[in-house]
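K.L.:
This is the structure I have questions about; it appears just below.
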Amino acid sequence: MSQITLLLVQIIVILVAARIIGWGFRKIHQPQVIGEMTAGILLGPSLLGWVAPGFSAVLFPADSLPFLSVLSQIGLLLFMFLVGLELNPSLLRKRSHTAVLTSHASIFIPFLLGALLSLYLYPRLSDSSVPFTHFALFMGTAMSITAFPVLARILTERRLLRTPLGGVAIACAAVDDVTAWCILAGVVLLVRATGGHLLWLTILGSLVYIAVMLSFGRKALRHLEARYRRRGEVSKDMIAVILLIVVASSLATEMLGIHALFGAFLVGAIMPKDNHFVRTLTEKLEDVTVVLLLPLFFSFTGLRTSMGLVSGSQMWFYCGLIITVAVVGKFGGASVAARISGMKWSEASAVGVLMNTRGLVELVVLNIGLDIGVISPALFAMMVIMALTTTFMTTPLLDLIHPRTFTLVDTGVIPIKKAA
């Protein structure tokens, strides 16, 4: 079987599994993306490779994985651009007091707990080839993640996005996303820069690049928005220009030593936030990204995740400890901060539950950590389990804490059609 034939067969299997399992998760009132994430795990050694190792070896041979990886990385670039595109600074201004306090608490507390947990996990799940500082910083960052797109999808499906609760949650998630990605960029810089001179050169180059994008890059993107307003449509030429900017920005951040995904995210974050422009651009790019390319990333992640590495009571104890710290840090930090800022306990707890959603964004972060060698395959598997668990628990806990009764209050938040 040729490589292209094998790749096409893999795509067919992945898409069928993602749609069927995603449909099943919708039936139990879970976002479809959780089912697609689960499908990716099941196609890996955790289930298919365990039940039918011969078939798995034929369907996903080791020499075919680089092709699947490249396609999934293209999907991630587009996805991170869409994540940045959905971030709207006006969300923070509308809920400034509560959002600032809650978002800072939901970053600082889980980051601190993750770093403290590293003291216990490092001698057990890592080795001397990974500096403890890098390990602790990454664990703190991974614990601080909130899946902005999944959270937006849950709020949209429950028609909470335009309520005060939804406004606070989405604003906090936006701040969390930006903060966590900035911290992660710093961690990647530390790991990739081997010498002090190279590190400072990389930091300086990154700061210069960000300054250029925030000034000249933003002006260039505003010209595209002005052209859209004049013509009333996003043309194929405009899509081509935007994609070129995304790819060029990704290339720049990759060459600077950060990561290609940061460049794509930055372009989306600085794009003009005109409602119609954002909605039209999202509709142009989202379907292919979400339906075709992201399931490939889930499967590639699943092929790298072996639940067999989490075997024995000791390893499951570590996994349970990771999940507990993740929930306590994110749910506890966000809900207590929201209550202190003046929200009722029911609403504050709902904010905590929503901020505990990690989803796809956590998988992206974990794959970066595995790629740069900060975490081991066993810890990677545990963190994937944590990401799935914290995302899966969001909907049932929200049903318990904040039943589906609401009053629509317009906060000017853009409903998102679908998000991964």
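The values are calculated or read from the model by the stated rules, or taken from the named source; none is laboratory data. Note that the structure is predicted; figures quoted are calculated from it, not measured. Please note: Cβ atoms are built from the backbone with ideal geometry, for glycine as well, and neighbour counts cover all protein chains shown. These accessible areas exclude ligands, DNA and RNA; they are computed on the full protein's heavy atoms, side chains included. Shrake-Rupley method; radii C 1.70, N 1.55, O 1.52, S 1.80 Å.
K.L.:
Students often get this wrong: which residues of the range 336-351 have the backbone nitrogen under 20 Å from the point 7 angstrom along Cα-to-C-beta of residue 399?
P.N.:
Within reach of a label on residue 399, which here means backbone N under 20 Å from a point 7 Å along Cα→Cβ, the range 336-351 contributes 346-347, 349-351.
K.L.:
For the pair residue 241 and residue 276, what calculated FRET efficiency results from E = 1/(1 + (r/R0)^6), where r is the Cβ-Cβ distance and R0 = 22 Å, to the nearest 0.05?
P.N.:
0.75
K.L.:
Using a 10 angstrom cutoff on alpha carbons, build the Gaussian network for the chain and name the most mobile of 272, 61, 295.
P.N.:
Of 272, 61, 295, the most mobile in the Gaussian network model is 61.
K.L.:
Using 0.36 nm per residue of separation minus the Cα-Cα distance, give me the extension gain between residue 324 and residue 309 in nm, one decimal.
P.N.:
So the extension gain works out to 3.4 nm.
K.L.:
Ok, one more. Given Cα pairs under 8 Å that are at least 6 residues apart, what percent is the relative contact order of the range 313-365?
P.N.:
For the range 313-365, the relative contact order is 33 percent.
K.L.:
Per Stokes-Einstein, at 10 °C and 1.306 mPa s, what whole-number D in µm² s⁻¹ belongs to the range 136-247, with the Kirkwood radius over Cα pairs as the hydrodynamic radius?
P.N.:
In µm²/s, the coefficient is 92.
K.L.:
Taking the convex hull of the alpha carbon atoms in the range 1-157, what volume per residue do you get, in Å³?
P.N.:
Convex hull of Cα atoms, per residue: 174 Å³.
K.L.:
Then there's this: Do any trypsin sites (Lys or Arg not before Pro) in the range 333-396 lie in a DSSP loop with no more than 14 other beta carbon atoms within 10 Å, and if so, which?
P.N.:
Taking the range 333-396 and a limit of 14 other Cβ atoms within 10 Å, the loop trypsin sites (Lys or Arg not before Pro) found are 344.
K.L.:
Have a look at 346, 215, 118 and tell me which one the Gaussian network model of the chain (Cα, springs below 10 Å) gives the largest fluctuation.
P.N.:
Evaluated over the chain, the most mobile residue of the options is 215.
K.L.:
With every protein chain left in place, what is the accessible area per residue of the chain in square angstrom, probe 1.4 Å?
P.N.:
Numbers: 17400 Å² over 420 residues.
Heavy-atom accessible area per residue stands at 41 Å².
K.L.:
Hey, another quick one. Run the numbers on the range 301-402 and let me know its relative contact order in percent, using alpha-carbon pairs under 8 Å that are six or more apart. Let's see the in-between values first.
P.N.:
Details: 101 pairs, mean separation 38.2, N = 102.
In percent, rounded to a whole number, it is 37.
K.L.:
Further, regarding this structure: Given 0.36 nm per residue, what is the gain on full extension from residue 9 to residue 51 after removing their alpha carbon distance, in nm?
P.N.:
13.2 nm
K.L.:
If you don't mind, another one. Share of the chain's accessible area from carbon and sulfur, percent, 1.4 Å?
P.N.:
Ligands and nucleic acids excluded, carbon and sulfur reach 70 percent.
K.L.:
As a test of understanding, state the convex hull volume per residue of the range 1-80 from its alpha carbons, in Å³.
P.N.:
96
K.L.:
Hey, another quick one. When the dipole is taken about the Cα centre of the chain, and only Lys, Arg (+1) and Asp, Glu (-1) are charged at their Cβ, what size is it in debye, to the nearest 20?
P.N.:
Details: 31 positive and 20 negative charges, 239 e Å.
About 1140 debye.
K.L.:
Here's another thing I want to ask about it. Hey, what do the phi angles of the range 264-280 turn into as Karplus ³J(HN,Hα) couplings, whole Hz, using 6.51/-1.76/1.60 and θ = phi - 60°, x for Gly and Pro?
P.N.:
5, 4, 5, 4, x, 5, 9, 4, x, 9, 4, 3, 5, 5, 4, 5, 5
K.L.:
May I ask you to compute the full-extension gain from residue 58 to residue 112, defined as 0.36 nm times their residue separation minus their alpha-carbon distance, rounded to one decimal in nm?
P.N.:
15.0 nm
K.L.:
Modelled label-to-label distance, residue 67 and residue 222, 7 Å Cα→beta-carbon offset: nm?
P.N.:
With each label placed 7 Å out from Cα toward Cβ, I get 4.6 nm.
K.L.:
Only helical DSSP H runs with n ≥ 4 go in: add -39500 (n - 2.57) per run for the chain, normalise by residue count and round the 222 nm mean residue ellipticity to 500 deg cm²/dmol. Before the final figure, lay out the partial values.
P.N.:
On the way: 22 runs with 315 residues, N = 420.
Dividing the helical sum by the residues of the chain leaves -24500 deg cm²/dmol.
K.L.:
Right, here's the next one. Could you pull the accessible area for residue 182 with a 1.4 Å probe, rounded to 10 Å²?
P.N.:
Approximately 90 Å² of residue 182 is accessible to the 1.4 Å probe.
K.L.:
How large is ³J(HN,Hα) for each residue in the range 211-219, as worked out from phi by the Karplus curve 6.51 cos²θ - 1.76 cosθ + 1.60 (θ = phi - 60°), to whole Hz, x for Gly and Pro?
P.N.:
So the Karplus estimates, Gly and Pro as x, are 4, 5, 5, 6, 9, 5, x, 5, 5 Hz.
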